[in-house]
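Enquirer: Sharing a structure, written as structure tokens. Questions coming.
The values are calculated or read from the model by the stated rules, or taken from the named source; none is laboratory data. These numbers come from a predicted model, not from an experiment. Neighbour counts are summed over all protein chains in view; Cβ atoms, including those assigned to glycine, are modelled from backbone coordinates with ideal geometry.
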């Protein structure tokens, strides 16, 4: 996650994915003025204006938009997601700077849950 403050149970991050990284970078920079900083092949950090969450552009075969929600207790949020008809799509991962997991809601939409 970025250095911006985040509200618990609020959007703290987002990923925008698609097959043409350059076109996505041009679109979001040109239309919204978002600053995209490449961080490696097919990946870039997005800085939005103050008050908005930062995110990432990700080169992927298919288009998608995934919201990252900051939760106070990742384990409890995963249990609640399953209890409310969702499914765990990615178990807990701790990459050293963030602890997260992914769930699908009852309609199949993907959310990243981030330990706050």
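Enquirer: If residue 92 meets every condition in (1) surrounded by 12 or more Cβ atoms within 10 Å (Cβ to Cβ); (2) part of a loop (DSSP other than H, G, I, E, B) apart from one, which number is that one?
Expert: All conditions are met except number (2).
Enquirer: So which residues in segment 37-61 are outside any strand (DSSP E or B) and at pLDDT 95 or above, if there are any at all?
Expert: Result: 60, 61.
Enquirer: I would also like to ask the following. Under the condition of being outside any strand (DSSP E or B) and over 14 Å from residue 12 (Cα atoms), which residue from segment 98-116 is nearest to the chain's Cα centre (by Cα)?
Expert: Only one residue fits best here, namely 109.
Enquirer: If you don't mind, there's one more thing I want to ask. Anything in segment 68-89 that is part of a strand (DSSP E or B), in contact with a helix residue (DSSP H, G or I) (Cβ under 9 Å, 6 or more places away or on another chain) and without any contact (Cβ under 8 Å) to a residue 24 or more places away in the chain? List them, or say none.
Expert: Matches in segment 68-89: 87, 88.
Enquirer: In addition: Test of understanding: among 109, 9, which residue is in contact with a strand residue (DSSP E or B) (Cβ under 8 Å, 6 or more places away or on another chain) and surrounded by fewer than 18 Cβ atoms within 10 Å (Cβ to Cβ)?
Expert: Just a single option satisfies the conditions, and that option is 9.
Enquirer: For residue 81, work out the one condition from (1) surrounded by 14 or more Cβ atoms within 10 Å (Cβ to Cβ); (2) closer than 25 Å to residue 23 by Cβ it doesn't fulfil.
Expert: Going through (1) surrounded by 14 or more Cβ atoms within 10 Å (Cβ to Cβ); (2) closer than 25 Å to residue 23 by Cβ one by one, residue 81 breaks only (2).
Enquirer: In addition: Taking residue 30, is it surrounded by fewer than 17 Cβ atoms within 10 Å (Cβ to Cβ) and part of a helix (DSSP H, G or I)?
Expert: In short, yes.
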